[in-house]
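Colleague: Before I ask anything, here is the structure I am working with.
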Amino acid sequence: MYHFPDICYSVREVVYSAIIEVAERGLVHTGKREVLLVGGVAASKYLRRKFEAMVKERNVKLYVVPPKYAVDNGVMIAWTGLLAFKSGVQVRPDEAFIKQRWRIDRVDIPWIK
Amino acid sequence: MRPSLNKDGGLIGLTFHGSNKLRLITAGAEAVIYEGLFLKLPSVFKVRISKPYRDRRFDSLIRKERTLSEARIIIAARKSGVHAPAIYYINADEAIIVMEKIEGLLLRDILDKLTDSERCRIFIDLGKNVGILHKAGIVHGDLTTSNIVIKDNNVYLVDFGLAKYSNEIEDIGVDLHLLLRAIESTHYEYKDVLFSCFLEGYRKVIGEAELELVLNKVKEIRMRGRYIEERRNRGV
């Protein structure tokens, strides 16, 4: 017989460890010194604690998005739109359309030099 | 946490003690690599380190299993005829593998200094080695020019840390895709000739029919990528 909380704990340990291992491999491979934890899972305090342990050992910096912004990225999109608007990027509402394949690495960011 | 290198009471204690100093080579994401003598043989010591973010029980299990798996796969690869380091010693509990140091140069570092025909000959040899590996049901998982050592004009595959047993066309395709991406990003000027030389050697081992299957899969995997022109042009 398996104990239900044990199964939950095991799944969480395996999944969280995998996420952090990927981040750690990414750090070593690129030589970067910062980790940004975003998205829904960033709301997990437990994941955050694990990330803190990893960055402490690697001597790199961790930034975590505040929980109220972690779940939905509507605020991020609105903020990006505001920055774009201020930098002269404008689209008339009647000409606006949805572009599902638009990837963040393809977006021009004139507000960063 | 630093690994306790001299905890083992037996063989390994001899090599870590006294005048035989281990030289730290690299501290990777999951393992620390030292060089030194093992029973007077020039050796590489790969130690998988404990991670503070993993549950202690899970951590020791994962290090132990990965150590055993890597050592087993290297041994199987060598049995099939792949050029890979000989395994000298394994301590699963301490997550240590001691293996032959291939006293050569990284392909990454010498590629630019070679002539066209030398480069091609090496990639044919590489193709044969990878072909034998795949035919033995093993994928390497990290085929970059940093994991290929050239010694006496022969190709050696090293770092099987991400290797696994698989006969799946998907895994084989990913192996070749990674190699192709590695060549493209670090040796762009001769990527086409290198890959065609590689395929010449690879074809000799696995045969034309299998090669076609693999190459179709590689093409399919490539099209999944986000940054591919062909694909980008298809969408909005």
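Colleague: Within the stretch A:79-113, which residues are among the small types (Gly, Ala, Ser), exposed (fewer than 10 other Cβ atoms within 10 Å of the Cβ) and away from chain B (no Cβ under 14 Å)?
Modeller: If the condition is that a residue be among the small types (Gly, Ala, Ser), exposed (fewer than 10 other Cβ atoms within 10 Å of the Cβ) and away from chain B (no Cβ under 14 Å), then A:88 is the only one that fits.
Colleague: Let me ask another. Please list, ordered by first then second residue, the pairs with beta carbon atoms under 8 Å, 6 or more apart or interchain, first in the stretch B:21-34 and assigned to a loop (DSSP other than H, G, I, E, B), second of a type in the set (A, V, I, L, M).
Modeller: The qualifying pairs are B:22/B:5; B:28/A:28; B:29/A:27; B:29/A:28; B:30/B:49.
Colleague: Which residues, taken from the stretch B:162-174, are in contact with a helix residue (DSSP H, G or I) (Cβ under 7 Å, 6 or more places away or on another chain) and in a helix (DSSP H, G or I)?
Modeller: Once the filter is applied, which keeps residues that are in contact with a helix residue (DSSP H, G or I) (Cβ under 7 Å, 6 or more places away or on another chain) and in a helix (DSSP H, G or I), the stretch B:162-174 yields B:169, B:170, B:172, B:173, B:174.
Colleague: Okay, next question. Any idea which residue in the stretch A:60-88 is nearest to the chain's Cα centre (by Cα), counting only those that are part of a loop (DSSP other than H, G, I, E, B) and modelled with pLDDT of 90 or more?
Modeller: Within the stretch A:60-88, the match that is nearest to the chain's Cα centre (by Cα) is A:60.
Colleague: Just to be sure before I move on: is residue B:194 in contact with a Leu (Cβ under 8 Å, 6 or more places away or on another chain) and in a helix (DSSP H, G or I) in the structure I sent?
Modeller: No.
Colleague: Next up: Does residue A:42 fit the bill of being part of a helix (DSSP H, G or I), within 12 Å of chain B (Cβ to nearest Cβ) and touching a residue at least 12 places away in the same chain (Cβ under 8 Å)?
Modeller: no
Colleague: Moving to a separate point now. Which of (1) in contact with an Asp or Glu (Cβ under 8 Å, 6 or more places away or on another chain); (2) assigned to a strand (DSSP E or B) does residue B:159 not meet, given it meets every other one?
Modeller: (2)
Colleague: Could you list, in sequence order, the residues of the stretch A:89-106 that are modelled with pLDDT of 80 or more and out of contact with any Asp or Glu (no Cβ under 8 Å at 6 or more places or on another chain)?
Modeller: A:90, A:91, A:92, A:93, A:94, A:95, A:96, A:97, A:98, A:99
The values are calculated or read from the model by the stated rules, or taken from the named source; none is laboratory data. Quick caveat, the model's predicted, so the values are computed rather than measured. Virtual Cβ from ideal backbone geometry, glycine too; neighbours counted across all protein chains shown.
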